[in-house]
Every structure is written in structure tokens, then in C-alpha cells.
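Reviewing the structure listed below.
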Amino acid sequence: MKKKIDEKYLNNAVDIRRTYITYMTKISEYESEIKVLLDKLLEIKNNLKNIDKNSKDIGKIQVEIVLEVQKNIEKIQNLLLPYTEKILELENQSKILYDNIYIMYSDLTKEDIQTQVYEYVNNNV
């Protein structure tokens, strides 16, 4: 009979998964805003094709376009950055948790650990 992982570790995995789902839900809420910004970037790209290369204002137009692109990229980053940073933190927490379980339950294989954690998380999230 294989040793069972203590519930404190399994509950920690559940907490990490729930938090991850919360952050991903928040990110998906911004999907329409991001789509609008991406559409603006595509519009800018298409407008680049229509610029008169011989215009005396070509430099000014190019600077305006670059600034507009930068502004839209920053908007996307500002929307997503807080959540992507938190997701990276969760990834680190999950690695630490896995390492702790692996140390505490050295008689279990990686597959045994993954199976127990996966089943518990899926039944409790």
C-alpha cells in the first residue's frame, strides 16, 4: 500500500489551483479590451502601408505611429501584468510544494505524487 500524502500538502495544492483559476478568470475578463487594443494595432499596421513615403511629414507620422503602438502595448501590459506576475508566483509556490512533498514522501515516485495531488485537487476545486 502506497503512503498517502498528508492533507495539509494537498489542501495547499487546492489553494494554489483555486487562486490560479481566479487569476485566469480575471485575465479572461479583459479579453474584449485586449481584442480592441489588438485591433487598433492591426489598424495602425494597415495604415503604415498607406503612408505616402515621399511626404515631408513622414518622420512625424512615423513617430506618431510608434507612440500609438507603444501606448496600446502598455495598456495591454498594464491590464495583464499584475495577474501574470501572480501566476508566476503561484508557479514558484507549486514547485516548492512539490519539492517539499517529494522530500517528505521520498518512497513515492513522481508519478505517485502527481496522481495523488491531481486526484485530490480535481475532487476539491
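The single condition from (1) assigned to a helix (DSSP H, G or I); (2) surrounded by 14 or more Cβ atoms within 10 Å (Cβ to Cβ); (3) among the hydrophobic types (A, V, I, L, M, F, W, C); (4) over 25 Å from the mean Cα position of the chain (by Cα) that Leu108 fails is (1). Of all residues in the stretch 1-32, those being under 29 Å from Leu80 (Cα atoms), among the aromatic types (Phe, Trp, Tyr) and assigned to a helix (DSSP H, G or I) number 2. Just a yes or no: is a residue in the stretch 65-85 under 30 Å from Glu7 (Cβ atoms) and either part of a helix (DSSP H, G or I) or basic (Lys, Arg) (or both)? The answer is yes; a qualifying residue exists. Cβ separations smaller than 9 Å between residues 6+ apart or across chains give the following pairs from the stretch 35-61 residues that are free of Cβ contacts under 8 Å to residues at least 60 places away in the same chain and under 20 Å from Ile73 (Cα atoms) to residues that are charged (D, E, K, R) and surrounded by 12 or more Cβ atoms within 10 Å (Cβ to Cβ): Leu37/Lys75; Lys40/Glu68; Leu41/Glu68; Ile44/Glu68.
Since every read-out is calculated from the coordinates, none of them should be taken as a lab result. Every value quoted in this text rests on a predicted model; they were computed, and no experiment measured them. Note that we place each Cβ from the backbone using ideal geometry, even for glycine, and neighbour counts take in every protein chain shown.
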